[in-house]
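No lab work stands behind these numbers, since they all come straight from the coordinates. Note that the coordinates shown come from a computational prediction; the quantities given were computed from them, not determined experimentally. Here the Cβ is made from the backbone with ideal geometry for all residues, glycine too, and neighbour counts use every protein chain on show.
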There are 2 protein chains.
Amino acid sequence: MTAPVHFDKVTLIGIGLIGSSIARALGVLGLAGTVVAADRSEAVVARVQELGLADEATTDLAAAVKDADLVVLCVPVGACGAVAEIIAPHLKTGAIVSDVGSVKGSVVAQMAPFMPTDVHFIPAHPVAGTEHSGPDSGFAELFHERWCIVTPPAGTDPEAVERLTAFWQALGSRTEVMAPDHHDLVLAITSHVPHLIAYNIVGTASDLEQVTESEVIKFSAGGFRDFTRIAASDPTMWRDVFLHNKEAVLEVLGRFTEDLIALQRNIRWAQGDQLFDLFTRTRAIRRSIIDQHQDTADPDFGRARK
Amino acid sequence: MTAPVHFDKVTLIGIGLIGSSIARALGVLGLAGTVVAADRSEAVVARVQELGLADEATTDLAAAVKDADLVVLCVPVGACGAVAEIIAPHLKTGAIVSDVGSVKGSVVAQMAPFMPTDVHFIPAHPVAGTEHSGPDSGFAELFHERWCIVTPPAGTDPEAVERLTAFWQALGSRTEVMAPDHHDLVLAITSHVPHLIAYNIVGTASDLEQVTESEVIKFSAGGFRDFTRIAASDPTMWRDVFLHNKEAVLEVLGRFTEDLIALQRNIRWAQGDQLFDLFTRTRAIRRSIIDQHQDTADPDFGRARK
């Protein structure tokens, strides 16, 4: 990569976990002359100022993007279209406009109609996060060794794609270019449906009449607690993900349910060999994830012990 | 608790994650005069000797329980009956015989018929573990702050129950007494069904034709990787859990699927408010689990970062 990674002015819109992590990384790495943080919430803007996350912080999205060379929307997927409409008339010629949304087809559909022809609109998705949200939860290393998927529309200037890719690599990410539809299917299985079933099992547990919530919490170390981490993720963000990646989520969910019904039948008819075969096969995938540094090999994720 | 915690001779049968963790804790705490480790695998016995986990190690289960004051079966649930039959004639009068199985109704049904009337048969279940298995994977602190559920059959000598309870407390556990059937239902929702859906989603992911396994692994940090940890648990142990807790697992699984179908319908019909309400409710349970020290509040479980 020989593309220049430095931008004179970067504007981040939406300062939650991802936006504040980018802001922190920009500060640490010195990738931007000026960093502007914009958020429609006055409380968030005040907090950004207290934390010193950016050179400027404002609730005025239109003013925030003025003269920016790179604008990154870090808002829930459902808000992308509205933000695009607000900022479009104020974008600088030649600016790169990107986002970090977990769904890409919908982001393209919402934002592209507003984008002026003289800016480079390149959606992207850093596959990184924690269960915490808000400007306090970010950290500069969030993207280290994580993948960022870039989904440039057909005909996008390759040099602009290269600049955005180099930007994410500078933040520590590995990058991959993908078509929006394929991204949405890949993420449906690697992220969206896992979140949905985590939310669902926690809901089922809290609704069971025969088992008290106190029991569920006490004995959660048997496996349940791992699901609660994911089910503590930001509700607004995740509501939007499911509403905006409906087709792929429903497709993968159909497969998941079909497979689960087959397992249920294996249990009912005591088909232990089928269970054993699946449980053996799944171990291999875990090993690959660890080999590729997408997780730690420490038992129990290396959770600190008392 | 005023019951004495020291046993002259403790025999552990089955030296995997749990058995080797008890052995290590006994060594650290000095709770036993002699620790005997028995396993039907010669390789495991050799490894136990290399690691110095016990005073004696043998494949001869009958000889191992001779003169033991406490015998703890740490074998897959499906093997309890066979082990009980082997050891029963050799048990010392007044010995406590217990286990660590994740299912209690079936353990009682398998073992009780073999138990002599002059021993105290008290099944128990320490709700603790990691995804690793075998004698190398254990550690003395595994049970710290975790719950151990004791399920004494009606009419069990209260003093023996108190001794076993004190034993687990000495290992660092909190203890609770429960009926076997209720235990099996509680564990179905807090452990067994979560494991089943983790195994299932990993299976579904690896079977999808449109998404490569390489993509699933690369982008697993979006949520999927958390499930793979659980789906890397010991296949034999988990096959036995599902076969031996069939009724409760099928009941809870039915509820889970029903709830999932409702969520699926919410997504199809864009009922965002219902999704948002569930996603908000599930956060509260996460907070309680952290407050009660059953998990860490560190983002991402405090996974070490590069």
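The table for this structure:
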quantity	calculated
Helix B:42-51 axis, angle to chain B major axis (alpha carbon atoms, nearest 10°)	80
Segment A:7-178: antiparallel DSSP beta bridges as a percent of all, rounded to 5	10
Total lysine pairs under 22 Å (Cα atoms) in the protein assembly as shown, excluding pairs fewer than 8 apart on one chain	12
Alpha carbon convex hull of segment A:7-178, volume per residue in cubic angstrom	97
Degrees between helix A:193-207 axis and first principal axis of chain A (Cα, 0 to 90, nearest 10)	50
Dipole moment magnitude, nearest 20 debye, chain A about Cα centre, only Lys, Arg, Asp, Glu C-beta charged	740
Label 7 Å beyond Cα on the Cβ vector: A:Q169 copy-to-copy distances, nm	6.1
Under the Karplus curve 6.51 cos²θ - 1.76 cosθ + 1.60, θ = phi - 60°, whole-Hz ³J(HN,Hα) for segment A:114-125, x wherever Gly or Pro sits	8, 6, x, 6, 9, 10, 9, 9, 9, x, 8, 8
Folded to 0 to 90 degrees: helix B:246-268 orientation relative to chain B principal axis, Cα	20
Other-chain or far-sequence residues with amide H under 5 Å of A:L73's (modelled H)	A:I13, A:S98, A:D99, A:V100
Chain A Cβ-axis minimum, rotational copy B, residue and distance in Å	A:F301, 2
Leading residue at positive end of dipole, segment A:127-269 (Cβ point charges), from A:W147, A:S233, A:V216	A:V216
For chain A: relative contact order, % (alpha-carbon pairs under 8 angstrom, 6 or more apart)	16
Dipole axis of segment B:7-178 (+1 Lys, Arg; -1 Asp, Glu on Cβ), positive-most option in B:L51, B:G105, B:A166	B:G105
Cα Rg over Rh - chain B, Kirkwood	1.01
Dipole of the protein assembly as shown [Lys/Arg +1, Asp/Glu -1 at C-beta], most positive-end residue of A:A248, B:T34, A:I22	B:T34
Pairwise Cα inverse-distance average, inverted: Kirkwood Rh of segment A:185-268 (Å)	14.1
q = 0.23 Å⁻¹, segment A:1-44: log10 I(q)/I(0) [Debye, one scatterer per Cα]	-0.78
For the protein assembly as shown, Kirkwood radius (reciprocal of mean inverse C-alpha pair distance, Å)	25.8
Under-5 Å amide H pairs with A:A95, H placed in peptide plane, nonlocal only	A:H120
Ascending list, in nanometres, of distances separating the A:E56 label from those of the other copies (7 Å, Cα toward Cβ)	8.1
Nearest-first distances (nm) between copies at B:D136, label 7 Å from Cα via Cβ	4.3
Cα-centre dipole for segment A:7-178 with unit charges at Cβ (Lys and Arg positive, Asp and Glu negative), debye to 20	200
Considering only chain A, percent of DSSP beta bridges that pair antiparallel, nearest 5	10
Distance-filtered residues of segment A:143-182 - backbone nitrogen under 17 Å, label point 7 angstrom along A:T117 Cα→Cβ	A:154-157
Sorted peptide list for B:274-286, B:224-236, criterion being average Cβ within 10 angstrom, highest first	B:224-236, B:274-286
Dipole in debye (nearest 20) - segment B:182-302, about Cα centre, beta carbon charges: Lys, Arg +1; Asp, Glu -1	220
